[in-house]
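Since the structure comes first, as structure tokens, the remarks are kept for the end.
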Amino acid sequence: MSMWKAIEVEIDGYLTQVKAHLGNLTGEEVDEILSSIRSHIDTALAEYSNGDSDLEAVKAVLAELDPPESYAENLLLSAEEPPLETQFSKHAAIGAALLPFGIILAFTMMSVSSSGSTTYVDGTAVVERGRSIWQWLASFILIPLGIISPFAATSLGLMGISKIRNSKGTISGLPLAFFVTVFYPIIILDTVLFMIAVSLFQEASYWNIAAVITLALILALDYYAVRKGWRTAAGAI
């Protein structure tokens, strides 16, 4: 047997023993591990013998490697490692915190528009409006937050979904991120559709029936849009 043949026999013998302990892996995974070991052997052999490989050098390199059964032990330890800790999506949480301000602003503006005292001057009603502390609060806090709320919440929800999908399970909170994302688009779409129906049918004698049909169609559209959006958002999780 030539020296090169004997060298290959020694290396193949070690790799065969390693392979015998990798029975639970797929063929591709086994090939990857064996290829990595062979590459390590070749590198170590070249350094050990200064480029002049011989049988004694191969035996010395193989003797320095881990025992073949240790690879199975390492795989078992890796399988027993606890799963990575998950963290809740910060984007979803911040978006949820901003979400109510748009609704609060809308109700506040309606309340402000209907508030004030009425006096009469020469028989003409005059509404006197004072600025209460709540109105000042609305001006300096609620109005800015309420204006940016639909845009910021929706954007943060989208970013949250993207982060969660790409986190490989390390970030949770997909339902909240999805809710934050679709809340304002759904509300705005429903409002627009209902206002169109009002402008078209409010003066008609069958307005009550038209309103019920419109609401039913809006709810059906909401259900379809939310169901389709959720499947898309959760599909890669």
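The values are calculated or read from the model by the stated rules, or taken from the named source; none is laboratory data. Quick caveat, the model's predicted, so the values are computed rather than measured. Glycine gets a Cβ as well: all are built from the backbone with ideal geometry, and neighbour counts include every protein chain shown.
A few remarks follow.
- Search result, residues across the stretch 135-155 that are modelled with pLDDT of 65 or more, surrounded by 12 or more Cβ atoms within 10 Å (Cβ to Cβ) and of a type outside the set (S, T, N, Q): I141, L142, I143, P144, L145, G146, I147, I148, P150, F151, A152, A153
- Qualifying residue in the stretch 161-169 (condition: in a helix (DSSP H, G or I), within 26 Å of A220 (Cα to Cα) and touching a residue at least 40 places away in the same chain (Cβ under 8 Å)): yes
- For the stretch 200-215, the criterion of being more than 25 Å from A106 (Cα to Cα), at pLDDT 90 or above and part of a helix (DSSP H, G or I) is met by at least one residue.
- Top-ranked residue of the stretch 190-237 - restricted to ones that are in contact with a helix residue (DSSP H, G or I) (Cβ under 7 Å, 6 or more places away or on another chain) and among the charged types (D, E, K, R), ranked as nearest to A177 (Cα to Cα): D222
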